[in-house]
Amino acid sequence: MKLIKIYSKTCGPCKVLEKNLVESGVEYDSVDVTSEEGEDLTEAYGVRAVPTLLLVDDNGTLLNKHTGILNVDEIKLFACN
């Protein structure tokens, strides 16, 4: 499984989520919504707002999606589902 954070550099809630992700110790990838990869992911997974967390399996199948801020404990639970 892979956890992906979709964010924008100018997004305040994205910065809070980043801090909580780091504190959680969960491994994740960050993708800027304005990058080519970000544009592809937002289209493929129907991302309409940031920050959004995507949990995908090794084949790219979406397992879970959350838009908004999660606290450290919520991140750990989200990443395990």
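Every number here is computed from the coordinates shown, using simple stated rules; none is lab data. From a predicted model like this one, the values you see are computed outputs, not experimental measurements. Cβ atoms come from the backbone with ideal geometry, glycine included; neighbour counts cover every protein chain shown.
Which residues, taken from region 1-47, are among the hydroxyl-bearing types (Ser, Thr, Tyr), in a helix (DSSP H, G or I) and in contact with a strand residue (DSSP E or B) (Cβ under 7 Å, 6 or more places away or on another chain)?
Thr42, Tyr45
Pull up region 48-67, narrow it to residues that are not in a strand (DSSP E or B) and not acidic (Asp, Glu), then point me to the one that is farthest from Asn20 (Cα to Cα).
By that ranking, first place goes to Asn59.
Checking the conditions here, which among Asn59, Asn20 is polar (S, T, N, Q) and surrounded by fewer than 12 Cβ atoms within 10 Å (Cβ to Cβ)?
Just one listed residue meets the conditions, Asn59.
Test Lys65 against the criterion of being of a type in the set (D, E, K, R) and within 13 Å of the chain's Cα centre (by Cα), and give yes or no.
Criteria met by Lys65.
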